[in-house]
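Just below is one structure, and these are the notes that go with it.
The values are calculated or read from the model by the stated rules, or taken from the named source; none is laboratory data. Bear in mind that the values here come from a model prediction, so they are computed numbers and not experimental data. All Cβ positions, even for glycine, are placed from backbone atoms using ideal geometry, and neighbour counts span all protein chains on display. Just the protein is used for accessible areas: all its heavy atoms, side chains included, with ligands, DNA and RNA removed. Shrake-Rupley method; radii C 1.70, N 1.55, O 1.52, S 1.80 Å.
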Amino acid sequence: MTLEEQRALILRGAVYDDLTPELLAAREAAVLRTDEYNRSFGRPAQERIALLRRLLRQVGDGAHFEPAFRCEFGFNISVGRGFYANFDCVMLDGGGIDIGDQVLFGPRVGIYTTNHALDAAERAAGACQARPVRIGHRVWVGAGVHINPGVTIGDHAVIGSGSVVTKDVPANMLAAGVPCRVLREITAEDRTGFRG
(Lines give C-alpha, C1' and ligand atoms only; values in the text may rest on other atoms or scores of the structure.)
Protein backbone atom coordinates (compact mmCIF):
# COMPACT_ATOMS: atom_id res chain seq x y z
CA MET A 1 0.00 0.00 0.00
CA THR A 2 1.36 3.46 -0.89
CA LEU A 3 1.88 6.23 1.63
CA GLU A 4 -1.10 8.13 0.19
CA GLU A 5 -3.33 5.05 0.52
CA GLN A 6 -2.19 4.57 4.13
CA ARG A 7 -2.72 8.25 4.86
CA ALA A 8 -6.30 8.05 3.50
CA LEU A 9 -6.93 4.95 5.65
CA ILE A 10 -5.67 6.72 8.78
CA LEU A 11 -7.71 9.87 8.07
CA ARG A 12 -10.85 7.69 7.70
CA GLY A 13 -10.36 6.49 11.28
CA ALA A 14 -9.64 2.86 10.35
CA VAL A 15 -7.25 0.70 12.36
CA TYR A 16 -3.86 0.81 10.65
CA ASP A 17 -0.35 -0.63 10.91
CA ASP A 18 1.81 2.03 12.55
CA LEU A 19 5.01 0.17 11.65
CA THR A 20 4.91 0.08 7.83
CA PRO A 21 8.11 1.14 6.05
CA GLU A 22 6.23 4.01 4.38
CA LEU A 23 5.01 5.49 7.67
CA LEU A 24 8.41 5.05 9.30
CA ALA A 25 10.04 6.89 6.37
CA ALA A 26 7.41 9.67 6.55
CA ARG A 27 8.15 10.16 10.27
CA GLU A 28 11.88 10.31 9.53
CA ALA A 29 11.29 12.95 6.85
CA ALA A 30 9.22 15.00 9.34
CA VAL A 31 12.06 14.87 11.88
CA LEU A 32 14.52 16.17 9.29
CA ARG A 33 12.18 18.98 8.22
CA THR A 34 11.34 20.02 11.79
CA ASP A 35 15.07 20.02 12.61
CA GLU A 36 15.66 22.33 9.64
CA TYR A 37 12.83 24.62 10.77
CA ASN A 38 14.03 24.67 14.39
CA ARG A 39 17.56 25.61 13.28
CA SER A 40 16.18 28.49 11.18
CA PHE A 41 15.37 30.66 14.21
CA GLY A 42 16.62 34.19 13.55
CA ARG A 43 16.40 33.91 9.76
CA PRO A 44 13.92 36.13 7.84
CA ALA A 45 10.25 35.33 8.47
CA GLN A 46 9.63 34.56 4.77
CA GLU A 47 12.27 31.81 4.83
CA ARG A 48 10.83 30.29 7.98
CA ILE A 49 7.27 30.31 6.57
CA ALA A 50 8.60 28.63 3.40
CA LEU A 51 10.14 25.86 5.54
CA LEU A 52 6.83 25.38 7.39
CA ARG A 53 4.95 25.20 4.09
CA ARG A 54 7.26 22.35 3.01
CA LEU A 55 6.42 20.51 6.24
CA LEU A 56 2.73 21.17 6.93
CA ARG A 57 -0.40 20.77 4.78
CA GLN A 58 -1.42 24.44 5.12
CA VAL A 59 0.23 27.42 6.80
CA GLY A 60 -1.38 30.84 7.18
CA ASP A 61 0.58 34.07 6.97
CA GLY A 62 2.45 34.98 10.12
CA ALA A 63 2.36 31.45 11.58
CA HIS A 64 5.21 30.72 13.96
CA PHE A 65 6.49 27.88 16.15
CA GLU A 66 9.18 28.65 18.71
CA PRO A 67 11.89 25.98 18.71
CA ALA A 68 11.67 23.17 19.37
CA PHE A 69 8.64 21.98 17.40
CA ARG A 70 7.98 18.31 16.64
CA CYS A 71 5.30 16.57 14.59
CA GLU A 72 4.64 13.01 13.50
CA PHE A 73 4.16 13.58 9.76
CA GLY A 74 3.34 17.24 9.19
CA PHE A 75 1.27 16.60 6.07
CA ASN A 76 -1.95 16.35 8.11
CA ILE A 77 -1.52 19.69 9.94
CA SER A 78 -3.18 22.96 8.96
CA VAL A 79 -2.55 26.19 10.92
CA GLY A 80 -4.23 29.51 10.24
CA ARG A 81 -3.07 33.11 9.96
CA GLY A 82 -1.26 34.50 12.99
CA PHE A 83 -0.93 31.09 14.68
CA TYR A 84 1.72 31.10 17.43
CA ALA A 85 3.08 28.14 19.40
CA ASN A 86 5.55 28.66 22.20
CA PHE A 87 8.46 26.22 22.67
CA ASP A 88 8.22 22.41 22.81
CA CYS A 89 4.97 22.04 20.83
CA VAL A 90 4.31 18.41 19.83
CA MET A 91 1.71 17.31 17.28
CA LEU A 92 0.97 13.67 16.46
CA ASP A 93 -1.03 14.37 13.33
CA GLY A 94 -2.03 10.98 11.91
CA GLY A 95 -5.73 11.76 12.26
CA GLY A 96 -5.45 15.35 11.06
CA ILE A 97 -5.07 18.63 12.97
CA ASP A 98 -6.87 21.79 11.83
CA ILE A 99 -6.17 25.02 13.73
CA GLY A 100 -7.86 28.35 12.98
CA ASP A 101 -6.58 31.92 12.78
CA GLN A 102 -4.94 33.84 15.64
CA VAL A 103 -4.59 30.80 17.90
CA LEU A 104 -2.04 30.99 20.73
CA PHE A 105 -0.33 28.03 22.40
CA GLY A 106 1.66 28.29 25.61
CA PRO A 107 4.85 26.25 26.10
CA ARG A 108 4.76 22.45 25.87
CA VAL A 109 1.32 22.01 24.30
CA GLY A 110 0.74 18.53 22.88
CA ILE A 111 -1.92 17.43 20.40
CA TYR A 112 -2.35 13.68 19.99
CA THR A 113 -4.66 12.33 17.27
CA THR A 114 -3.37 8.75 17.40
CA ASN A 115 -4.18 6.03 19.90
CA HIS A 116 -2.44 2.64 20.16
CA ALA A 117 -4.56 -0.52 20.42
CA LEU A 118 -5.63 -1.50 23.94
CA ASP A 119 -4.96 -5.20 23.30
CA ALA A 120 -1.28 -5.89 24.06
CA ALA A 121 -0.69 -8.25 21.12
CA GLU A 122 -2.33 -5.85 18.63
CA ARG A 123 -0.37 -2.94 20.09
CA ALA A 124 2.92 -4.85 19.74
CA ALA A 125 2.01 -5.61 16.11
CA GLY A 126 1.60 -1.86 15.40
CA ALA A 127 -2.19 -1.45 15.53
CA CYS A 128 -3.29 2.18 15.88
CA GLN A 129 -6.35 4.29 15.23
CA ALA A 130 -6.56 8.06 14.81
CA ARG A 131 -9.23 10.73 15.09
CA PRO A 132 -8.95 14.40 14.08
CA VAL A 133 -8.46 17.40 16.36
CA ARG A 134 -10.08 20.70 15.40
CA ILE A 135 -9.34 24.05 17.04
CA GLY A 136 -11.35 27.14 16.07
CA HIS A 137 -10.28 30.77 15.65
CA ARG A 138 -8.77 32.99 18.38
CA VAL A 139 -8.35 30.15 20.86
CA TRP A 140 -5.80 30.35 23.66
CA VAL A 141 -4.33 27.06 24.89
CA GLY A 142 -2.30 27.42 28.09
CA ALA A 143 1.06 25.87 28.93
CA GLY A 144 1.35 22.12 29.33
CA VAL A 145 -2.06 21.29 27.85
CA HIS A 146 -2.60 17.85 26.28
CA ILE A 147 -5.34 17.57 23.65
CA ASN A 148 -6.51 14.02 22.94
CA PRO A 149 -7.89 12.34 19.80
CA GLY A 150 -11.25 13.46 18.43
CA VAL A 151 -11.50 16.75 20.34
CA THR A 152 -12.98 19.95 18.89
CA ILE A 153 -12.35 23.29 20.61
CA GLY A 154 -14.70 26.09 19.55
CA ASP A 155 -13.85 29.66 18.53
CA HIS A 156 -12.61 32.07 21.24
CA ALA A 157 -12.27 29.33 23.89
CA VAL A 158 -9.52 29.41 26.53
CA ILE A 159 -7.98 26.19 27.88
CA GLY A 160 -6.23 26.59 31.25
CA SER A 161 -2.64 25.49 31.80
CA GLY A 162 -2.00 21.85 32.62
CA SER A 163 -5.37 20.65 31.33
CA VAL A 164 -5.98 17.28 29.68
CA VAL A 165 -8.67 17.81 27.06
CA THR A 166 -10.63 14.62 26.38
CA LYS A 167 -13.99 16.09 25.29
CA ASP A 168 -15.15 18.93 23.04
CA VAL A 169 -15.07 22.47 24.41
CA PRO A 170 -17.76 24.80 23.01
CA ALA A 171 -17.02 28.28 21.64
CA ASN A 172 -16.51 31.20 24.06
CA MET A 173 -15.86 28.99 27.07
CA LEU A 174 -13.15 28.92 29.72
CA ALA A 175 -12.22 25.31 30.43
CA ALA A 176 -9.54 23.73 32.62
CA GLY A 177 -8.63 20.70 34.68
CA VAL A 178 -7.71 17.03 34.54
CA PRO A 179 -9.88 15.99 32.87
CA CYS A 180 -10.68 19.36 31.32
CA ARG A 181 -14.18 20.67 31.96
CA VAL A 182 -16.01 23.87 31.09
CA LEU A 183 -15.82 26.35 33.98
CA ARG A 184 -17.84 29.22 32.56
CA GLU A 185 -18.68 31.31 29.53
CA ILE A 186 -16.33 34.11 28.50
CA THR A 187 -18.39 37.32 28.49
CA ALA A 188 -18.09 41.09 28.11
CA GLU A 189 -17.24 41.16 31.84
CA ASP A 190 -13.85 39.67 30.91
CA ARG A 191 -12.84 42.68 28.82
CA THR A 192 -10.15 44.88 30.35
CA GLY A 193 -10.41 47.79 27.92
CA PHE A 194 -6.98 47.10 26.39
CA ARG A 195 -6.76 48.40 22.81
CA GLY A 196 -3.07 47.75 21.98
Problem - Fraction of accessible area attributable to carbon and sulfur, the chain (%, probe 1.4 Å) - result: 55 percent
Handout entry: Rounded D (µm²/s) - segment 157-196, Kirkwood Rh over Cα pairs, Stokes-Einstein at 4 °C, 1.567 mPa s
Key = 119 µm²/s
Completion exercise
Candidate cut points under GluC sites (Glu not before Pro) in segment 1-106, DSSP loop plus at most 16 other Cβ atoms within 10 Å of their own Cβ, are none
Completion exercise
In Å, the Kirkwood estimate of hydrodynamic radius for segment 1-58 over Cα pairs equals 13.0 Å
Exercise for the section: For L56, L104, give the ranking by accessible area with the largest first, probe 1.4 Å. Expected result: L104, L56
Problem - Extension gain, R39 back to Y84 (0.36 nm per residue minus Cα-Cα distance, nm) - result: 14.5 nm
Fill in the blank from the handout: Mean 1/r over distinct Cα pairs of segment 43-118, inverted to a Kirkwood Rh in Å, yields 12.4 Å
Handout entry: Length gained when the stretch E5-D168 is fully extended (0.36 nm per residue, less Cα-Cα span)
Key = 55.8 nm
Exercise for the section: Multiply the residue separation of A29 and Q102 by 0.36 nm, subtract the distance between their alpha-carbon atoms, and state the gained length in nm to one decimal. Expected result: 23.5 nm
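Do the sum for the chain: with -39,500 (n - 2.57) for every DSSP H run of n ≥ 4, divided by all residues, what is the mean residue ellipticity at 222 nm, to the nearest 500 deg cm²/dmol?
-7000 deg cm²/dmol
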Exercise for the section: May I have the pair-distance distribution P(r) for segment 3-157, computed from all Cα-Cα distances with 5 Å bins from 0 and rounded to whole percent? Expected result: 2, 10, 18, 24, 19, 14, 9, 3, 1, 0
Problem - Under 5 Å, built H, 5+ apart or other chain: amide partners of F83 - result: A63, H64, Q102, V103
Completion exercise
Result for the chain: accessible area per residue, probe 1.4 angstrom, in square angstrom, of 52 Å²
Practice task
Using only Cα atoms, figure out Rg for segment 111-184 and give it as a multiple of 2.2 N^0.38 Å.
Solution key: 1.22
Exercise for the section: For the chain, with a Gaussian network of springs between Cα atoms less than 10 Å apart, report the residue from G126, G154, G60 with the top mean-square fluctuation. Expected result: G126
Handout entry: Solvent-accessible surface (1.4 angstrom probe) belonging to Y112, in square angstrom, nearest 10
Key = 60 Å²
Practice task
Could you pull out every residue, at least 5 positions away or on a different chain, whose amide H is within less than 5 Å of the one on L183? Hs are placed 1.01 Å off N in the peptide plane, and Pro or chain starts have none.
Solution key: L174, A175, A176
Problem - Shape parameters for segment 72-196, alpha-carbon atoms, Rg then Dmax in Å - result: 15.3, 57
